[in-house]
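Below is one structure, written out as C-alpha cells, with a few remarks after it.
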Amino acid sequence: MDLEAARERLIVALDVPDLPRALSAAESLADHVGMLKIGLELFVGEGPKVVREIRERHPTLGIFLDLKLHDIPNTMAGAIRSARSSGANLITVHAGSGVDHLRACVDAAEDALGILAVTVLTSQDANACKEAGHSRSTEELVAMRAICAREAGCRGVVSSAHEVSKVASVAPGLMLITPGIRPAGSATGDQKRVMTPAEAIAAGSTHLVIGRPIMKAPDPAAAADAIVREIAEAQVNHDRS
Ligand code: C5P
C-alpha cells in the first residue's frame, strides 16, 4: 500500500482543551494524517466553531466528531441534525441502546454525515463489562452491537482491535475503526485492550485512532509519519496472507 493510502487510515485524536492548541496541532499534522478527531474536551470547551475553523483552514482533511451520543432517539436525531452542517464527516454514537436509536441517527444524518457506532470502550476490560451488569463476553457484546450498527445503516463501527476480526465477520463492508493503539514501547495510559498499529491492521482494522502517542511525541508529525509507514507495511503483509 502506498503512503498516501496509509495516511488516509490514520486518525489523530486532537485531545486538547482549546481552539489555539487545536489549530496549531491541525497545522502541524494536516499533511501527515488522514483525519482529525475532535472529542468531548475540545467540543464542550469551544463548540462547533472548532470544526468550522479547522474545515476552513484544511478543506481536504477529514473531521471526525467523537461525541459518543447516548440519549433517547429523538434527542440523538436532533443532535445529529445540528452537527450535519458543522463540516464534520463522521460522528460517533453509542451502539448500546439498540438499533432504533442508531437508525434515528442514520436517518437524521441524511448521508451528509457518517454515523459510527461505538461498541465497547477500549478502556473497559472484561471485568468492567461484568461490573456494568453484562453477562456476555466483551467479544459477544461487541459483535451484537456491530450487527445492530450494520442493520441501522451506520457507516462504521468503533471497537478495540482485539474484536475487529469478529466485527469484520458479522458486519462486513463497514469502516472498522480502532482506538487503543500503542506503537511498540509507548505508554498504555488508561487504555486496557491495546495493540500496535501493525497488529491492528493485521487484525483487519481499516482505520486507527491514535492520540497521546502522536500528540505527546516530541515531534508529532514525525511520530505520525512513522506510524503511516508501519500501516503501509502491515497492509502489504495483510494483503499477502
Ligand atoms: O490517547 P489515545 O491514543 O488513548 O486516544 C484514544 C482516543 O480514542 C481518545 O480520544 C478516546 O476518547 C477515543 N476512544 C477510545 N475508545 C473508544 C472510542 C474512542 O479510546 N472505544
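Mind ranking 151-158, 164-171 by how tightly packed they are, going by the mean number of other C-beta atoms within 10 angstrom, highest first? Mind dumping the intermediate values first?
Values: 151-158: 22.5, 164-171: 19.6.
Put in order of decreasing packing, that is 151-158, 164-171.
Once the Kirkwood radius over Cα pairs is known for region 69-136, the Stokes-Einstein relation at 10 °C and 1.306 mPa s delivers a diffusion coefficient of 124 µm²/s. Ordered by the count of other Cβ atoms within 10 Å of each Cβ, fewest first, T119, T75 give T75, T119. Projecting the Cα atoms of A187, L116, A223 onto the charge dipole of the chain (Cβ charges, centred on the Cα centre) puts L116 farthest toward the positive pole. What number of lysine-lysine pairs in the chain show an alpha-carbon separation below 18 angstrom, given a sequence spacing of 8 or more or placement on distinct chains? Taking the Cα cut-off of 18 Å, the pair count is 4.
Protection proxy ranking, highest mean first, for peptides 104-115, 182-193, 20-31, 85-96: 85-96, 104-115, 20-31, 182-193, where packing is the per-residue count of other beta-carbon atoms within 10 Å, averaged. Both radii were evaluated on the Cα set of region 1-126; the Rg over Rh quotient, with Rh as the Kirkwood radius, amounts to 0.98. Computed on the Cα atoms alone, the convex hull of the chain gives a volume of 119 cubic angstrom per residue. Computed about the Cα centre, the dipole magnitude for region 1-42 is approximately 100 debye when only Lys and Arg (+1) and Asp and Glu (-1) carry charge, each at its Cβ.
No lab work stands behind these numbers, since they all come straight from the coordinates. Predicted, not measured: the structure shown is a model, and the values here were computed from it. Every residue, glycine among them, receives a Cβ derived from its backbone with ideal geometry; neighbour counts consider all protein chains shown.
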